[in-house]
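Colleague: Attaching a single structure in structure tokens format; questions to follow.
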Amino acid sequence: MAELERCQGIADPGERAVELTRLIQRLPSISAAVRAARQVAVMEMHAAGLSWSQIGVRLGLHPQRAAQIGHGVTGGHRSRAADIAADSTPLTIKTKETGKCPSPLEAM
């Protein structure tokens, strides 16, 4: 955590965000705390009047990604299968003619 504290001690929010990004890439196990600190640094830059484009250039990121970081959106992606698995609603298919669920063999 000394590395995180060193980064948080950087006065310039742009340089702080750059160093925190490097730290995230090197130390994924502490990434939640580092991501939160980076978000604060990015929001400080934005509050100081920098545009998302300017922040993106400073961090080497697309402006949209800079805005996402500022708003706390992580870069993680869920697969469509994970979305389906997370849905606890059972899928029920009924035929119009009978109003009953077909057997798997009937559906083929």
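The values are calculated or read from the model by the stated rules, or taken from the named source; none is laboratory data. Since this is a predicted model, take the numbers as computed values, not measurements. A quick note on method: Cβ atoms are made from the backbone with ideal geometry, for glycine too, and the neighbour counts reach across all protein chains shown.
Colleague: Just to be sure I understand, how many residues within segment 23-71 are within 16 Å of ARG6 (Cβ to Cβ), of a type outside the set (A, V, I, L, M, F, W, C) and modelled with pLDDT of 90 or more?
Modeller: Residues meeting the conditions: 1.
Colleague: Looking at segment 12-22, which of the residues that are under 18 Å from the mean Cα position of the chain (by Cα) and free of Cβ contacts under 8 Å to residues at least 24 places away in the same chain is nearest to ALA2 (Cα to Cα)?
Modeller: The residue in question is LEU20.
Colleague: Does ALA17 satisfy the criteria of being touching a Pro at 6+ places or on another chain (Cβ under 8 Å), under 17 Å from THR74 (Cβ atoms), modelled with pLDDT of 90 or more and of a type in the set (A, V, I, L, M, F, W, C)?
Modeller: no
Colleague: Hey, another quick one. Could you run through segment 1-37 and say how many residues are surrounded by 13 or more Cβ atoms within 10 Å (Cβ to Cβ) and not in a helix (DSSP H, G or I)?
Modeller: Residues in segment 1-37 being surrounded by 13 or more Cβ atoms within 10 Å (Cβ to Cβ) and not in a helix (DSSP H, G or I): 3 in total.
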